[in-house]
Amino acid sequence: MEIAGSSPTYQSGVGESVFSTIDLDRPMQPHDPTQLPDDLPVPQDDGACAHLEGSDLPVLALASTSGRNVALCDQPSTFTVFYCYPRTGRPGQELPTDWNLIPGARGCTPQSCAFRDHRAELDRLGAVVYGISTQDTDYQREAVERLHLPFELLSDADLALARALKLPTFSVDGMTLLKRVTFIAAGNRIEKVFYPVFPPDRNADDVIAWLEERAA
């Protein structure tokens, strides 16, 4: 149901709807997706990922920016890091409605760049990284090329993974997006979950710290 003079900020995938009254005539400003504002709202742990740790990865393959389909539960690496993120932006393009006000929404580019910059450490620890979003592969491929990401992004555009693992989602501007969550699998079993993830540009450091503790 639409509210006159208002626009929905987001609708949680766990059954909550959150609305905020905004000025619909306010122009959206182009942004630099590599920078994080200082006053972003901090996401709270709503328990939406409490079931993930100890779960098995689903028998599911997702389209990759490399042009192949990646089977999530058939990874040869010691550890596989899957970081789920809402959506990457593009320089100069407008943000989705009230994007900076949605807890946990902003920061996909800094998060991805942090995993890129820590590639050598992750390799040393035997971890392979995949990013996952509900954007289509062509959109994701632009991000891989522009940001020089040394790993693949996987598309869950049809929400198959979100349904299989009961991942939390939210909706904005007609898009259904994944909430930011990172999980690490050893073989087919999810052994560690980071949720909520904040600040997103520190997620790679937190993942490395956990992997180093496991290796000790």
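The values are calculated or read from the model by the stated rules, or taken from the named source; none is laboratory data. Worth saying up front: this structure is predicted, and the values here are computed from it rather than measured. When we count neighbours, we look across all protein chains shown, and the Cβ atoms used for this are built from the backbone with ideal geometry, even at glycine.
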Selection status of residue 160, small (Gly, Ala, Ser), in contact (Cβ under 8 Å) with a residue 40 or more places away in the chain and on the phi < 0 side of the Ramachandran plot: yes
Total residues in the range 105-131, condition in a helix (DSSP H, G or I) and either surrounded by 23 or more Cβ atoms within 10 Å (Cβ to Cβ) or not charged (D, E, K, R) (or both): 10
The range 92-104, subset surrounded by fewer than 17 Cβ atoms within 10 Å (Cβ to Cβ) and in contact with a strand residue (DSSP E or B) (Cβ under 8 Å, 6 or more places away or on another chain), residue farthest from residue 152 (Cα to Cα): 101
Subset of the range 88-101 [over 22 Å from residue 115 (Cβ atoms), part of a loop (DSSP other than H, G, I, E, B) and modelled with pLDDT of 95 or more]: 96, 97, 98
Only listed residue being buried (at least 21 other Cβ atoms within 10 Å of the Cβ), under 23 Å from residue 103 (Cα atoms) and under 14 Å from the mean Cα position of the chain (by Cα), chosen from 176, 182: 182
Among the candidates 165, 153, 149, 159, residue that is under 25 Å from residue 101 (Cβ atoms) and under 16 Å from the mean Cα position of the chain (by Cα): 159
Criterion: in contact with a strand residue (DSSP E or B) (Cβ under 6 Å, 6 or more places away or on another chain) and under 23 Å from residue 193 (Cα atoms) - qualifying residue of 176, 88: 176
Candidates 201, 138, filtered to the one that is modelled with pLDDT of 95 or more, surrounded by 15 or more Cβ atoms within 10 Å (Cβ to Cβ) and either assigned to a helix (DSSP H, G or I) or over 13 Å from the mean Cα position of the chain (by Cα) (or both): 201
Residues of the range 40-72 classified as of a type outside the set (Gly, Ala, Ser) and free of Cβ contacts under 8 Å to residues at least 24 places away in the same chain, total: 3
Per-region count, the range 73-87, residues within 19 Å of residue 203 (Cβ to Cβ) and either without any contact (Cβ under 8 Å) to a residue 60 or more places away in the chain or in a loop (DSSP other than H, G, I, E, B) (or both): 4
Residue 123 being without any contact (Cβ under 8 Å) to a residue 24 or more places away in the chain and under 16 Å from the mean Cα position of the chain (by Cα): no
